[in-house]
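See structure below.
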Amino acid sequence: MPEPTVVGLAAERADDYFAGYSAVGLLALIGVIFVAVAFGAGRLLRPVVPTPEKLLTYECGVDPVGEGWAHTQVRYYVYAFLYVIFAVDSIFLFPWATVFAAAGYGATTLVEMFIFLGFLAVGLLYAWKKGVLTWT
């Protein structure tokens, strides 16, 4: 029996490597086909009766009046931004708590967390001083 060559081993490893990707590709293809069939069936089975009422823009049950552009106050975006900041903070706290419990990481992670919370506190104080958190 001939001894395997380096080229033969490399080709065999490449086949094994790409076999995993072919399974993922097949699954992705099945998913795309499933979505396409669902959308196609919806398009074929739905009733199509366009009326002027159906062609109107719907906004919470109120008929649209005026232009499509409306002025929105910036404070809504600031509240959303503050929410995102504190959501990221809470996401950071959970892994930190698990690392803090591990042996040998206590002091380092405690200092790291106080620095992180300090940055958040400075940002919150800045927003409070600027009057961003006052709802009028």
Distance (nanometres) between label positions extended 7 Å along Cα→Cβ at V48 and V122: 6.1
FRET efficiency, K129 to Y105 (Cβ-Cβ, R0 30 Å, nearest 0.05): 0.30
Accessible area per residue, Å², region 95-136 with all protein chains present, probe 1.4 Å: 79
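Taking region 94-136, which chymotrypsin sites (Phe, Trp or Tyr not before Pro) meet the DSSP loop condition and have no more than 16 other C-beta atoms within 10 Å? Don't jump to the answer; show the numbers that get you there.
Numbers: sites: W96, F100, Y105, F114, F116, F119, Y126, W128, W135; in loops: Y105, W135.
Passing sites in region 94-136 are Y105, W135.
The values are calculated or read from the model by the stated rules, or taken from the named source; none is laboratory data. Because the structure is predicted, anything quoted here is derived from the model rather than measured. Reconstructed Cβ throughout: ideal geometry from the backbone, glycine too, with neighbour counts over all protein chains shown. The protein model used for the area step is the full one, side chains on, heavy atoms only, and it has no ligands, DNA or RNA in it. Shrake-Rupley method; radii C 1.70, N 1.55, O 1.52, S 1.80 Å.
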